[in-house]
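Just so it is clear, none of the values below were taken in a lab; they were calculated from the coordinates. Treat the numbers as computed from the prediction; the structure is a model and nothing was measured. Glycine also receives a Cβ, built like all others from the backbone with ideal geometry; neighbour counts cover every protein chain displayed.
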There are 4 protein chains.
Amino acid sequence: MDYVYGPGRNHLFVPGPVNIPEPVLRAMNRNNEDYRSPAVPAMTKILLEDVKKIFKTTTGTTFMIPTTGTGAWESALTNTLSPGDRIVSFLIGQFSLLWIDQQQRLNFKVDVVESEWGQGANLDILASKLAEDTAHTIKAICIVHNETATGVTNNLAQVRRILDEYRHPALFLVDGVSSICALDFRMDEWGVDVALTGSQKALSLPTGIGIVCASPKALEASKTAKSVRVFFDWNDYLKFYKLGTYWPYTPSIQLLYGLRTALDLIFEEGLDNVIARHSRLGKATRLAVEAWGLKNCTQSEEWFSDTVTAVLVPPYIDSTEIVRRAWKRYNLSLGLGLNKIAGKVFRIGHLGNLNEVMSFSIIQILHIPSMIRNWLELGNRKGNGLIFLA
Amino acid sequence: MDYVYGPGRNHLFVPGPVNIPEPVLRAMNRNNEDYRSPAVPAMTKILLEDVKKIFKTTTGTTFMIPTTGTGAWESALTNTLSPGDRIVSFLIGQFSLLWIDQQQRLNFKVDVVESEWGQGANLDILASKLAEDTAHTIKAICIVHNETATGVTNNLAQVRRILDEYRHPALFLVDGVSSICALDFRMDEWGVDVALTGSQKALSLPTGIGIVCASPKALEASKTAKSVRVFFDWNDYLKFYKLGTYWPYTPSIQLLYGLRTALDLIFEEGLDNVIARHSRLGKATRLAVEAWGLKNCTQSEEWFSDTVTAVLVPPYIDSTEIVRRAWKRYNLSLGLGLNKIAGKVFRIGHLGNLNEVMSFSIIQILHIPSMIRNWLELGNRKGNGLIFLA
Amino acid sequence: MDYVYGPGRNHLFVPGPVNIPEPVLRAMNRNNEDYRSPAVPAMTKILLEDVKKIFKTTTGTTFMIPTTGTGAWESALTNTLSPGDRIVSFLIGQFSLLWIDQQQRLNFKVDVVESEWGQGANLDILASKLAEDTAHTIKAICIVHNETATGVTNNLAQVRRILDEYRHPALFLVDGVSSICALDFRMDEWGVDVALTGSQKALSLPTGIGIVCASPKALEASKTAKSVRVFFDWNDYLKFYKLGTYWPYTPSIQLLYGLRTALDLIFEEGLDNVIARHSRLGKATRLAVEAWGLKNCTQSEEWFSDTVTAVLVPPYIDSTEIVRRAWKRYNLSLGLGLNKIAGKVFRIGHLGNLNEVMSFSIIQILHIPSMIRNWLELGNRKGNGLIFLA
Amino acid sequence: MDYVYGPGRNHLFVPGPVNIPEPVLRAMNRNNEDYRSPAVPAMTKILLEDVKKIFKTTTGTTFMIPTTGTGAWESALTNTLSPGDRIVSFLIGQFSLLWIDQQQRLNFKVDVVESEWGQGANLDILASKLAEDTAHTIKAICIVHNETATGVTNNLAQVRRILDEYRHPALFLVDGVSSICALDFRMDEWGVDVALTGSQKALSLPTGIGIVCASPKALEASKTAKSVRVFFDWNDYLKFYKLGTYWPYTPSIQLLYGLRTALDLIFEEGLDNVIARHSRLGKATRLAVEAWGLKNCTQSEEWFSDTVTAVLVPPYIDSTEIVRRAWKRYNLSLGLGLNKIAGKVFRIGHLGNLNEVMSFSIIQILHIPSMIRNWLELGNRKGNGLIFLA
């Protein structure tokens, strides 16, 4: 039984999980295998190396944990920090909010630096906090590279510059869930200590692998970090890396083969070309929004996201209804507005293995505004390309 | 190894083979099975009944032959006619031309009724031929329901009216390759004697089944038809139908399961809704062409095809180059102009399991003309939605 | 690239991950979908209900966590217990050992009740501990239903009887990873408080869902349990259950559809028939081992496992070499001996969607002993069915 | 809906269609593509070259026709012969019988050389016919390399020797449906003029491609052959080969990619290793039959087939019932006895992408005779490995 409505393809334009390329679907179309055979460790070894490239690191250590982004967050925090540790964390939207909630529940002392939703992280406050913290009580800076809820990309290079300016030893932990492998991200150059993403995002796989990359400094921290952890414990992985068997527990065979193919596709296109493609399609989406006469939720160009655009709708419209109609009438999945901006924005994902024509189908021809107009029953349909829809 | 270019999906807008729905891909993702087991005949029996519905017949007999449309043509002709038989056949484009070539090579005496490409079958000539043929030397009328090369749909109901008017007993043979299950087709009501289609067309399967439906009159004719045939011989099928084993030779197991799912999808949507959807998307495409300022190859509204639109390009443009660029730059497959109209038209298929957003991606935003303009290097790209493409 | 050796199928006879049925592979062969669409919650709701049936519970609450069995263990423990809590846990093989390790690292005070490997849990010691514990300092009994390393099935009904006898309120936590949906398991009847399994075991899916079922008493305990948890927190799930959106973070769409089909297959066969089938194939395997003149690692019939058989090899043979040769020469995956019994046993899984002929391929004809004999270069190959192998 | 019975895999041991390897299933799991794009012809060109290797020819011309073996037969005959031509054809079982039936219906004058079923072609009669035919009225020798119905392999090298001995110019046409790519076959060395096979046989694909290879002499003959043909006409292919578009009508995209992978697997294993593997598994099957106390339908070792074994059952048993029970009770597909030997033999296919353990599941443990004994209700089940089956 399939629950998706109607003839033709479902059009998936949420910022995750994203469209899976056909070659990846094919690679995953397979029976289980014994993960203790010689084949799976051999494959894992290469994957652990190759996956470093999407983080732009040569010094990091990678973990492919059978979990989601939320679990990857937990892995990053519990392996590097101890209960009571002070951290600085930026609240700029729903996903940074959820990460902060996790940080607090894991018993860290969180300095929450809040921005208006639609703005990026307030790095001036970071600077003043680091300036004050001569005792180095701040153990980590936690920042979401790309806030999926508002379409805001934070300036990580600037975070590094500030840390360097104050010669502050705090760990630099980055949620790259909706950025890594789609936006410019440079783990080594920016001195990021832990970065993470999920398989269902830019890698364009199903959900199921939380990919975490730790710098040597983060690995060192893990030796003394006192947070309780078992499933997420890097040391269990490191023990099996040494043994050459790689897995403390059963991985998804299908996702390993899928990841192999996903990386092959990315390397074949070229990581920088992948990033340039996201930039091109992101800009196109923003131009379309502008052409529709609508506003971007993101308040300034410096924070524009090339993986997701949150579109503000006029106050007399409920964006939830737009998303509902898109799904029901057009088999088209858009992102809802979340929390504070529920009903006020809908979101267009332009993340993952997309191309121009896939994006055309949604970003062009004003068809979103036409839906708005249909909904308001004001619509001069002739003018906007939906002439053939009753 | 995959030969298709670049990231994202290939966009398939040729009028066949067409896009396969995900549920059909899933159904076909299977090992072979013994076609002499109890399961395959049981399944075949139901399929042979269900497939009648797409022909709108209750009296016909269906054959699912492991072949293409060309083979289905040969099956229709050789089972009902004898060498030397006189037939009337309409030449209105490349596919009717190929069928006529086959008819001549099979040694029938063909009265070719030619129209200008872009026009429908000249039924006045049919009427005058029948009027003259009081001796009933004409054994069959052969007509392509929908000429895929020019986007022309012939009026089959009118053919029947003319046959009835002259009480002419000629067999009425219809190529429904790009029409059946997408356009209005009524085998029983229109007294069609043999109709045929291919799995890779409106049924949205891979190539591999030529589906032929024979009226009782056609079956009767097959008893005396003297054309040499073995692989395509209906009698071999009928013999195995009687035995309840159904297959004179090995069918594709995968296509049988695929056809089962394809029919389920069609019946769930409702055949008349499927036809209405083709009508809606066909009209939308024609409106788009009009908006682009281009002309339809089809010369009059009465012949407009709801499954394919052939678009005339200005004389200083080579349409082959448009198709080449669409493929190379946008991973987009359009139909070439064929034979007489090579270089003069490109073709947009709107056939099979499509929906609005899939069609949006191509029919809207003027992106075809923009390609034309790019090619001419005249293009004010800003104005036509391709602003983001270098 | 595929890493598996040679022509023909890989033969997967490890006790997990197990062979995936073709209909499940088909169901998972699909693109991602928006998990916030109306479809995915609707599907999830039914799955959460249906999955209760494999636990034989009507009063339990189910959680489908994107994790492995190890994560499911952690979920069971952290949601019901607080650091420092005293628990009784049975060490009878490698997997119970790993669970105990987790229990200790999560800061519970564990009374480890050890048995010789090859024996079941020592329930007499449980009885005496409960008898002594009139103050009810024991908060939980943790037991592995089926120890995969040794092929030992514990008597859970007896655990319940002992708990009842002493009217002890301890929580009854069961690892059913290699038992649930394959062996007789009765959550409600036996008063189990938390039971758990993994998708890659009897359900015959890929790895990726840890399925946890909590009794009302366990849910109640979760309200006061002080173990730190976020990713594994049941309350996050319960909050989303109430909202009707069901997912605190992104599930694997493919595994949900796969689980739907896996349950359909199980219900169609009948859960009790599935269990009877495991019993039949388990007994057959043991008879084969007997016929080979080899010994079962399991020391007494009362503990025989119907999902995995650990076979003792003569002391002058290294079982690791047998497993290696089976893989290399026959594309056949057997389970290794683990930890204490490494080199001493190899393991044959007979778990999941198997049938007689699949099992024939391994359990019959003495081909394992023949490999042993080949290895020793003693082999009279004629006598044992491997006559055709050089 | 799946029609196959019960849990676990279907066990496919008919001599076609055969088991499809997982990598081939994966390769075919794809959407349609435009066969007029640059990609499909590029791929086709290489396939047409590579497929020659399985015929062991460098001088032949290959055709991949969307049809079955029956269609491939028709292609071989109609392209090289004219109505009334005299041919010598050997009747040794059901498939050679069917080919002869086709030859007669295509209006050739067939000298049928019949052998007892279970024996090979009577080449002495061939020799005497050639000796007499000094006028060269015999235009072709038609022979089935491997008769699938009886498990008989003919000696093609000997046919060539006889033709050479009498310096007879007759065309040498070979049905290699169940031999090519599994048995030793040498088109160039043996001077075969047309050889053919089907995709669902040794290539281990779904049904759908009839692969025909023509020698230069056969191609020359096709220029004057007067048999009526259109769909099967080589000239239509040759015309498109010259154009570089390769396809006179729509091929199955999925089968092309499947064939690519199938050939890759064969070349990776090595064609001669593939043939040696068939030899090994064939011999094993025959030894098993001997061990069961049953007789091979094939009457002499010189004709033993390494791709299929036809097993004679005692006269008081109906082999059809064995096949029925195997399917119903064990989800196991065996070949029926056909025509003259219906009820008297069942057939075990050992053709295609098999390995030792796959074959073990059927050839060992006497389970077929046990079924026989069960059926007779004589069975001492303990003694024969079916002890666990009620």
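Could you check the simple spin-label distance between C:ASN235 and D:LYS217, using points 7 Å along Cα→Cβ, in nm with one decimal?
Each label point lies 7 Å from its Cα, and together they span 8.8 nm.
Considering only DSSP beta bridges whose two residues both sit in the protein assembly as shown, what percent are antiparallel, to the nearest 5?
Here the antiparallel bridges make up roughly 50 percent for the protein assembly as shown.
Please average, across the residues of B:70-77, the number of beta carbons from any other chain that are within 10 Å of each residue's own beta carbon, and give a whole number.
Mean number of neighbouring Cβ atoms from other chains: 3.
Kindly put D:LEU196, B:LEU91 in sequence by how many other C-beta atoms sit within 10 Å of each C-beta, fewest to most.
Lowest to highest Cβ neighbour count: B:LEU91, D:LEU196.
Run lengths n ≥ 4 of DSSP H only: what is the helix-derived mean residue ellipticity at 222 nm for the protein assembly as shown, with -39500 (n - 2.57) per run over all residues, to the nearest 500?
Theoretical 222 nm ellipticity from helices: -11500 deg cm²/dmol.
Which entries in the list B:LYS223/D:LYS217; A:LYS52/A:LYS239; A:LYS328/C:LYS45; B:LYS226/D:LYS226; C:LYS52/C:LYS223 go over 26 Å, if you measure between the two C-alpha atoms of each?
From B:LYS223/D:LYS217; A:LYS52/A:LYS239; A:LYS328/C:LYS45; B:LYS226/D:LYS226; C:LYS52/C:LYS223, over 26 Å: B:LYS223/D:LYS217.
Taking the Cβ of C:HIS168 as the centre, find all other residues whose Cβ is under 14 Å away and add up their charges (Lys, Arg: +1; Asp, Glu: -1).
Residues close to C:HIS168 contribute a combined charge of +1.
Report relative contact order for chain B in percent, whole number only (criteria: Cα-Cα under 8 Å, sequence separation at least 6).
That works out to 23 percent.
Using the Karplus equation 6.51 cos²θ - 1.76 cosθ + 1.60 (θ = phi - 60°), what ³J(HN,Hα) coupling, rounded to whole Hz, does each residue of the range A:197-206 give in order, writing x for Gly and Pro?
Once θ is set to phi - 60°, the couplings for the range A:197-206 become 8, x, 4, 7, 9, 4, 6, 6, 10, x Hz.
Quick one: grab Rg to one decimal and Dmax as a whole number for the range A:22-267, Cα atoms only, in Å.
17.7, 57
Which of C:GLU74, C:GLU269 has the fewest other C-beta atoms within 10 Å, and how do the rest follow up to the most?
C:GLU269, C:GLU74
Out of the range C:256-352, which chymotrypsin sites (Phe, Trp or Tyr not before Pro) are coil in DSSP terms and have no more than 15 other C-beta atoms within 10 Å?
C:TYR316
Which distances, shortest first and in nm, link A:ASN273 to the matching position in the other copies, using label points set 7 Å out along Cα to C-beta?
3.4, 4.2, 5.3
Under the rule of at least 5 residues apart or a separate chain, name every residue whose amide H is placed under 5 Å from the amide H of D:THR298.
For D:THR298, the qualifying residues are D:ALA310.
Efficiency by 1/(1 + (r/R0)^6): what FRET value for A:GLU269 and A:ILE46, r their Cβ-Cβ distance, R0 = 25 Å, to the nearest 0.05?
Efficiency for this residue pair is about 0.85.
How far is C:GLU220 from itself in the other copies, in nm, if each label sits 7 Å out from Cα along the Cα-Cβ line, shortest first?
5.1, 8.2, 9.6
Using only Cα atoms, find the angle between the long axis of helix D:367-376 and the longest principal axis of chain D, and express it within 0 to 90 degrees, rounded to the nearest 10.
Result, in degrees: 60.
Only bridges with both residues in chain C count here: give the DSSP antiparallel percent, nearest 5.
Bridges in chain C are about 50 percent antiparallel.
Rounded to the nearest 10 degrees, what's the angle between the helix C:39-50 long axis and the longest principal axis of chain C, both from Cα atoms, 0 to 90?
Value to nearest ten degrees: 80.
Could you compute the net charge surrounding A:VAL311? Neighbours are other residues with a C-beta less than 9 Å from the C-beta of A:VAL311; K and R count +1, D and E count -1.
Taking every other residue near A:VAL311 into account, the sum is +2.
Go through the range C:88-177 and name the trypsin sites (Lys or Arg not before Pro) that are in a DSSP coil and have 16 or fewer other Cβ atoms within 10 Å of their Cβ.
For trypsin sites (Lys or Arg not before Pro) across the range C:88-177 that sit outside H, G, I, E and B with at most 16 neighbouring Cβ atoms in 10 Å, the list reads C:ARG167.
Tell me, what ³J(HN,Hα) does each residue in the range B:70-85 have, in order and in whole Hz, if you take phi through Karplus 6.51 cos²θ - 1.76 cosθ + 1.60 with θ = phi - 60° and put x for Gly and Pro?
Values, residue by residue: 4, x, 5, 3, 4, 4, 4, 6, 6, 7, 10, 10, 10, x, x, 4 Hz.
Among C:PHE63, B:PHE240, rank each residue by its count of other Cβ atoms within 10 Å, from fewest to most, as a rough exposure measure.
B:PHE240, C:PHE63
Just add up the charged neighbours of B:TRP327: K/R +1, D/E -1, any other residue whose Cβ is under 12 Å from the Cβ of B:TRP327.
The answer is +2.
List the distances, in nm and shortest first, from the label point of A:GLN104 to the matching label points in every other copy, placing each point 7 Å from Cα along the Cα-to-Cβ direction.
Once sorted, the set of distances for A:GLN104 reads 3.6, 8.4, 9.0 nm.
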